[in-house]
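Take a look at the structure set out below.
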Amino acid sequence: MIPGKIDYKLLRGIDPVAGRTAVLEYLKTNGGNISTTAKVFGINRPVIYDILKKESEGDLSDRSKAPKHSPNKVPDEIEDKVIETKNKTRMGAKRLSRYLRKYENLIVPYGTIRHILRRNKDRIKYKKLFRKHEKREFVDWYSAKPFEIVQIDIKEIRDQKALSKAQIVHLDQFEIPNYQWGAIDVNSRFKLIAYSREKTWTNGLCFYFWVISWLRSHGITNEIVFTVDHGEELGGKSWMKLKELRKLIASFGCRLIQNRKGHPEDNSHLERSHRTDDEEFYIPRVLKIKSEEDLLRESLNYIYYYDCVREHSSLNDKTPFQHLKEQIPQLDDTIKLVPPIMLDHVSTKIGPWGGYNVLAQNPIVGRKIQFEESFVWQHQSSLEKYQSLLPYPHPRILSVHTLHPFHTLYRLPICLLNLEVWNTWLAFRDTYERSFVHSSTYQPTF
């Protein structure tokens, strides 16, 4: 801008009325000389004539830019009908278009309805309801006692960043399951794993049951807090599903905390262990796995190595099991023999449950299980008879006696779950026996 001149465009951009008022006041000071005023404000004379016309009309504000004549504009009565129907049904543009065509015999494209709603926001009487998202509860890792905080997540075995193309092709050729479910204690780094072919809500519930059953049956009595992401297989974003899941696990002395979206560091201990899984298990051993049985056998060796042999620098070069025994001397030693299971097989053999059925959404099934107590006791006796078949100490059974005050509804799934775990134990008892005999010198077969 030239010194001594006024920038009209800048002034008008701040306040159009103030800019035009400044031009009129300057005109009064120079005797109405339009040419001089135009030079001072850096504008053309027609602009000043337009300002004078606005003054005569009594309105210095900007005029509307809407066209004076719109031959294709929707009639006001149709526009009123769209607003009325919107307030009554609260439908979106597409559903409103179908509704008006079906019940009002009005053909209005949904694009037109969208424009009508946009320019008539003040006439829409209701407000959209937004569910208030609660902040994630603070989780103190550093003061947590053993198994007070357990992180749960799922890992894809076919990780292109870790495995080579040949290894992934090998897994596909032998149809090896792709999903590894993991649960890790943040205090001791003690880890439990399972596998599945499908990433489903039913398998997720089965894994919750499995982790709770294993820990409770080996003397872990404190409250357990599970921290999980927003995957649908672990609870997802459905508030109803989360409410029922929290109600279910609360009966077993557990709580659920969902991590923040897009913050994998909230489950950092488990995420870091996935890298160890790749580097010390899958990368060196994946070509040895040619069936589900091979996968379970290799993972059985690995998880024993991880929990009982591998020293962790974060634990002062102790193994997770050693760290646990120092803090809980009375802990059952057999907790360290975690048998990896195939969730697809276990969840389908437990019974006709799935998704919301296991969350007591089906009252008929619930009453049926409650009145078939004899069936529960029958399976409990089946579990107990397996104890004599094992040559060495073995995990205790989560008895129906120990489920009080747990819901009777869930006694049958828990007992049948343990039955399937016992079958897994028996299938690999030779490996367990070797682990016990060579517990002092056992190393992974990498």
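Details
- Residue match in region 273-295 (condition: surrounded by 17 or more Cβ atoms within 10 Å (Cβ to Cβ), aliphatic (A, V, I, L, M) and without any contact (Cβ under 8 Å) to a residue 40 or more places away in the chain): no
- Within the set Lys121, Lys94, the sole residue that is in contact with a helix residue (DSSP H, G or I) (Cβ under 9 Å, 6 or more places away or on another chain), surrounded by fewer than 14 Cβ atoms within 10 Å (Cβ to Cβ) and not aliphatic (A, V, I, L, M) turns out to be Lys94.
- Among the residues making up region 302-320, those that are in a helix (DSSP H, G or I), in contact with a helix residue (DSSP H, G or I) (Cβ under 7 Å, 6 or more places away or on another chain) and surrounded by fewer than 21 Cβ atoms within 10 Å (Cβ to Cβ) are Cys308, Leu315.
- Cβ-Cβ under 7 Å pairs, at least 6 apart or on other chains, region 245-259 side under 18 Å from Arg136 (Cβ atoms) and in the same structural domain as Ile224 (by TED's automatic domain parsing), far side surrounded by 18 or more Cβ atoms within 10 Å (Cβ to Cβ) and among the polar types (S, T, N, Q): Ile257/Thr227; Asn259/Thr227; Asn259/Asn267
- Filter result for the condition that a residue is polar (S, T, N, Q), more than 19 Å from Lys191 (Cβ to Cβ) and in contact with an Asp or Glu (Cβ under 9 Å, 6 or more places away or on another chain), over Ser251, Ser238: Ser238
The values are calculated or read from the model by the stated rules, or taken from the named source; none is laboratory data. Bear in mind that the values here come from a model prediction, so they are computed numbers and not experimental data. Cβ atoms come from the backbone with ideal geometry, glycine included; neighbour counts cover every protein chain shown.
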